[in-house]
Structure formats: C-alpha cells, structure tokens
Amino acid sequence: MTLILGIESSCDETAVALVRGDRSIVAQAVASQDADHRPFGGVVPELAARAHVEALTPMIERVLRDGGVRLADVDAIAATAGPGLIGGVMVGLVTAKALCLAAHKPLLAVNHLEGHALSPRLVDAELEFPYLLLLVSGGHCQLLAVEGVGRYRRLATTIDDAVGEAFDKTAKILGLGFPGGPAVERAAREGDARAVPLPRPMVGWPEPHFSFAGLKSAVLRAHATGNYGIPDLAASFQAAAVDCLVDRTQRALRSMPEAKALVVAGGVASNGIVRTALAGLAATHGTRFVAPPPWLCTDNAAMIAWAGAERLALGLVDGLDAPARPRWPL
Ligand code: KG4
Ligand code: ZN
C-alpha cells in the first residue's frame, strides 16, 4: 500500500504525517506556534517561517521513528506549495525537495486548499464526487463544487473578509486573545445569541457570495456602546456568522442537485455551532452531511499527505522545480 510523507507549513502550524493509500494514518505530529504569536495578537510571518525552520526537520525524524518507517519506505513526499505565508511555504517545500533528491522519491506539490477540500475523503471512504464543499478557514470562505481530484468549480467566494478572519477580528475587538476562533466559541457558550442585534450581510441575496466586513464593524460599534457583555457579543456574532454560512450554502445546494453530500472543511469547520447548523441544513435538504473531525479541520499534514496520495494515484507528480506560491486559487 502506498505510503506518503506529508508536510504542512503554510501558516502557524508545523505539521508532518505519514498516511497510507488505504486511509490509515501511520504517525503524525502538529506543533502550534500560538505562544510565539500571542504577544502580537496575530500571526507574524517572519516569526512563523523561522519557527518552521527550527521545528520541521526534527519533527520529520520523530514521525518517521514513531511510524517505524525509514525514508526509503516512503513512496512519495507531499508538501504544501501554497497558498499561504510564503516564508513558511518555502521552508516546507524546499525541505520536501531536498528529501526527494536525497531518497530518490517523487514530489507532490500540494495546494493547501486542495488538502482541505479532499480531507473528508481521508476519514470517509464512502464520500464520492461530486460534493458541495463549504471551505471556511482563516484566509478563505468559498463554496466549491468538488467534481474530482483537481476538478474544482468555485460557486461563491467572499467579497471582503474570510469568515475565520471575522472570528479572529471579533476576538481581538472583544479582547478574547489569540487564536480567535476557539476563544469566540468558548465565550459564546456563556452568552445569549439574541442579545445584540447584528446584520446578516448578503442573506437572501440572489448573488451567491459572502461578506463579513460589515458584520465585524457592527460588532465593533455594538461593543463601543458599552451596553453589552462580552459573552452576549460573542454569541450574537457567532449566530450571525452561522446564519450567513447557512443561507449561502442553502442557495448553492439548490443550484447543485447532483451533489452527493454537503461537506464542510477548514479551521472554522471545527466550530460546534457551525457543524450543527450545517448538519440541520443538510437534513432539511435530504442530503448527506460530512464534516471531518475537528483536528482534521484545522491545519495538519495528514490532509496534505492524503491529497498527495489522491494525486499520486492519478500519476499527478511534480518536478523538483515546482514553485512556491503565495496565491494559488483552486
Ligand atoms: O484552516 P485553518 O487552520 O488555517 C487556514 O488555512 O487559514 O483555519 C484557521 C481559522 C482561523 O481564522 C481560526 O480562528 C478559525 O479557523 N477557527 C475557528 C475555530 N477554530 C479555528 N473559528 C471558529 N470556531 C472555532 N472553534
Ligand atoms: Zn488551512
């Protein structure tokens, strides 16, 4: 059975995984850089790149050891080649190239978004193409018709902020710290989602796209009045964001009757309220719902290794001259 070594370093997680073509995860590790970036209230690209330089190679050594595997046993090496913070992408991609050169292995230069898009198939062998994917992360908010490996049709995108970015900015406004998404979700548990009247940008619009900048500004204004508590603001923001996601996704579901499932992936897909709301939407629609486990929603290398395995099975290998791309739409 094919064995892929996967490397992820496009943002603030250094991650390495060994994944087999039969979907078994042989070994994996994720090192978060939260502590490095917390004092700055957000990810500092240069600090991220330098932390990847320190963490990545010892982590590869450890994951190989944990898996009882030598580099010679691996069939190919997959690394995120973009999109993302370019310093970190370069660390991961160049490391993968060097290992490929030394061990005579093929390189798989994986699009990080494709990693998220195919991640549900790593844990659900029954998930077939085509499916409707809501991809919600810190940098992206898209609805994609996933028609096959390498075949993605974008149905909608955000006209301003990504939804993860809105969570992060809201956390900053409310003084909830970094990273923002999980902090907002935690604070919201103590709050009333109907306490603060907030807009639902784009809801009901015939146009398919998302918008979150106005919602974030509304949170800022509501907070400035001093009339609302932090948990109520967090809960009301989260409810508004979820309403937007559900409305836009419902519209896309209607336009894609051939979809075999509604799938959600990306960091925001680890949010419990988001998952429950989308599961409800799929049920109403009579469509199957698939959400990867939370650890597979946030950045990790198992999804990169798996996307590599899917590409290798189709013979889609890359040359050692593969570029590192800060921007790389699916
Ligand atoms: O996919 P990901 O780990 O990295 C990117 O590719 O961007 O997504 C990170 C984003 C961040 O904006 C983070 O705040 C958000 O996902 N996030 C969450 C939760 N966990 C992570 N947002 C809402 N609720 C969560 N529990
Ligand atoms: Zn991601």
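Filtering segment 176-211 to residues that are within 16 Å of ligand 2 (Cβ to nearest atom) and either of a type in the set (Phe, Trp, Tyr) or more than 17 Å from residue 240 (Cβ to Cβ) (or both) leaves 179, 182.
Rundown of residues vs (1) away from ligand 2 (no atom under 16 Å from the Cβ); (2) at negative phi; (3) assigned by TED's automatic domain parsing to the domain that holds residue 182; (4) among the basic types (Lys, Arg), yes/no style:
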{"position": "267", "(1), (2), (3), (4)": "no, yes, no, no"}
{"position": "288", "(1), (2), (3), (4)": "yes, yes, no, yes"}
{"position": "301", "(1), (2), (3), (4)": "no, yes, no, no"}
{"position": "306", "(1), (2), (3), (4)": "no, yes, no, no"}
{"position": "323", "(1), (2), (3), (4)": "yes, yes, no, no"}
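Per-residue answers, yes or no, for (1) of a type in the set (Gly, Ala, Ser); (2) within 11 Å of the chain's Cα centre (by Cα):
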{"site": "84", "(1), (2)": "yes, no"}
{"site": "87", "(1), (2)": "yes, no"}
{"site": "95", "(1), (2)": "no, no"}
{"site": "100", "(1), (2)": "no, no"}
{"site": "111", "(1), (2)": "no, no"}
{"site": "115", "(1), (2)": "yes, yes"}
{"site": "125", "(1), (2)": "yes, no"}
{"site": "128", "(1), (2)": "no, no"}
{"site": "138", "(1), (2)": "yes, yes"}
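In segment 205-220, what count of residues is obtained for those that are in contact (Cβ under 8 Å) with a residue 60 or more places away in the chain and in a loop (DSSP other than H, G, I, E, B)? Here the count works out to 2.
Table: residues versus (1) within 16 Å of ligand 2 (Cβ to nearest atom); (2) surrounded by fewer than 20 Cβ atoms within 10 Å (Cβ to Cβ); (3) under 28 Å from residue 34 (Cβ atoms).
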site	(1), (2), (3)
120	yes, no, yes
134	yes, no, yes
156	no, no, no
160	no, yes, yes
167	yes, no, yes
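For residue 311, are the conditions met, namely being under 17 Å from the mean Cα position of the chain (by Cα), touching a residue at least 40 places away in the same chain (Cβ under 8 Å) and farther than 30 Å from residue 239 by Cβ? The answer is no for residue 311. Screening the candidates 180, 175 for the property of being surrounded by fewer than 16 Cβ atoms within 10 Å (Cβ to Cβ) and under 16 Å from residue 237 (Cα atoms) yields one hit, 175. Spot the failing condition for residue 31; the list is (1) within 15 Å of ligand 1 (Cβ to nearest atom); (2) in contact (Cβ under 8 Å) with a residue 40 or more places away in the chain; (3) touching a strand residue (DSSP E or B) at 6+ places or on another chain (Cβ under 9 Å), and only one is missed. Condition not satisfied by residue 31: (2). For segment 96-104, the count of residues that are on the phi > 0 side of the Ramachandran plot and either in the same structural domain as residue 45 (by TED's automatic domain parsing) or free of Cβ contacts under 8 Å to residues at least 24 places away in the same chain (or both) is nonzero.
Quick grid of which residues meet (1) more than 16 Å from ligand 1 (Cβ to nearest atom); (2) surrounded by fewer than 23 Cβ atoms within 10 Å (Cβ to Cβ); (3) among the polar types (S, T, N, Q); (4) not in a loop (DSSP other than H, G, I, E, B):
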| site | (1), (2), (3), (4) |
| --- | --- |
| 102 | yes, yes, no, yes |
| 109 | yes, no, no, yes |
| 117 | no, no, no, yes |
| 153 | yes, yes, no, yes |
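Pairs meeting the criteria (first residue in segment 160-180 and within 9 Å of ligand 1 (Cβ to nearest atom), second residue of a type in the set (Val, Ile, Thr), beta carbons under 6 Å, at least 6 apart or on different chains) are 163/136; 163/268; 164/268; 167/184; 171/184. When 319, 286 are checked against the criterion of being of a type outside the set (A, V, I, L, M, F, W, C), more than 14 Å from ligand 1 (Cβ to nearest atom) and in contact (Cβ under 8 Å) with a residue 60 or more places away in the chain, a single residue qualifies: 319. Of the residues making up segment 41-60, none is in contact with a Gly (Cβ under 6 Å, 6 or more places away or on another chain), closer than 29 Å to residue 290 by Cα and not basic (Lys, Arg).
The values are calculated or read from the model by the stated rules, or taken from the named source; none is laboratory data. Just so it is clear, the structure is predicted and the values come from calculations on it, not from any experiment. A quick note on method: Cβ atoms are made from the backbone with ideal geometry, for glycine too, and the neighbour counts reach across all protein chains shown.
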